[in-house]
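Working notes, structure below.
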Amino acid sequence: MYNRVKVSPVRKLAMTAMLSAVATVLMFLSFPIPLMPSFIKLDFSELPALIASFALGPVSGITVCLIKNAINAFSSTTGLVGELSNFLLGVCFVLPAGMIYRFKNSRNGALAGSFVGAIAMAIVGTFTNYYIVYPVYTVFMPMEVILGMYQALNPNVETLWDALIWFNAPFTLFKGMCSVVITFLVYKHIAPLIKGTAR
């Protein structure tokens with residue numbers, strides 16, 4: 001599963017483009033989940049980026065994050081700030097995962113990299129939401145309404161920091177770990193196709 005294989009530049013470009021297309025579709029297929037405000041939705045668009053980072057290198061993983069958000073920007077409902085945040089969080093996820101895996105080319109290396117990436121994504125997401133995303137959201141929805149949606153789920157939420165720490169950070173970590181679990185289930189089967197070593 002974790003053998004190093006030299007992938008030709010042409011194949012790397014083609015596979016990165018293919019995984020970007022899959023990520024774009026998955027980003028469109030977002031859906032709300034219970035125990036979160038309705039405007040927060042779950043998608044698995046980081047999954048192809050994580051697979052690309054493992055199979056083709058972290059640059060390919062970052063490229064997948066960039067392309068999926070660039071395409072989704074054409075239908076943005078957040079003034080592009082949602083796409084910017086998604087890109088930054090995607091980079092926080094796939095870059096350490098891919099770098100650690102390259103340094104330690106093993107199952108444990110991939111697992112450690114994935115955990116570090118998921119945790120980094122949750123931490124960075126807390127700050128990008130507070131300083132970038134939610135200030136822009138308040139143009140469309142007053143902060144009182146936003147906090148009210150969190151308070152309907154947990155009356156103890158008093159500030160935006162409360163909401164982000166109790167809801168958004170665990171949600172982002174959960175989202176990352178879902179991609180990790182799925183990647184570990186399918187990677188062994190699809191990596192040879194991506195790298196061109198399938199027989």
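The values are calculated or read from the model by the stated rules, or taken from the named source; none is laboratory data. Owing to the predicted nature of the structure, the values given are computational and were not obtained by experimental measurement. Virtual Cβ from ideal backbone geometry, glycine too; neighbours counted across all protein chains shown. For the accessible areas, the whole protein counts, side chains as well, though only heavy atoms, and no ligand, DNA or RNA atoms are used. Shrake-Rupley method; radii C 1.70, N 1.55, O 1.52, S 1.80 Å.
Here is how the numbers come out for the structure above:
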read-out	value
Members of region 26-44 found to be surrounded by 14 or more Cβ atoms within 10 Å (Cβ to Cβ) and among the aliphatic types (A, V, I, L, M), listed by number	26, 27, 36, 40, 42
Residues of region 155-191 satisfying the condition of being in a helix (DSSP H, G or I), over 18 Å from residue 41 (Cα atoms) and open to solvent by 30 Å² or more (accessible area, probe 1.4 Å)	161, 162, 181, 182, 184, 185, 186, 188, 189, 190
Residue selected from region 165-199 under the condition in contact with a helix residue (DSSP H, G or I) (Cβ under 6 Å, 6 or more places away or on another chain), within 19 Å of residue 126 (Cβ to Cβ) and aliphatic (A, V, I, L, M), by the criterion modelled with the lowest pLDDT	177
Residue check for residue 6: open to solvent by 40 Å² or more (accessible area, probe 1.4 Å) and among the basic types (Lys, Arg)	yes
Residue check for residue 149: free of Cβ contacts under 8 Å to residues at least 60 places away in the same chain and over 20 Å from residue 95 (Cβ atoms)	no
Qualifying position, being of a type in the set (A, V, I, L, M, F, W, C) and touching a helix residue (DSSP H, G or I) at 6+ places or on another chain (Cβ under 7 Å), among 51, 33	51
Leading residue by the ranking (most open to solvent (accessible area, probe 1.4 Å)) among those in region 89-111 that are in a helix (DSSP H, G or I), at pLDDT below 90 and not polar (S, T, N, Q)	103
Where residue 128 falls short, out of the listed (1) in a helix (DSSP H, G or I); (2) open to solvent by 70 Å² or more (accessible area, probe 1.4 Å); (3) among the polar types (S, T, N, Q)	(2)
The one condition in (1) under 13 Å from the mean Cα position of the chain (by Cα); (2) farther than 17 Å from residue 39 by Cα; (3) buried (at least 19 other Cβ atoms within 10 Å of the Cβ) that residue 194 fails to fulfil	(1)
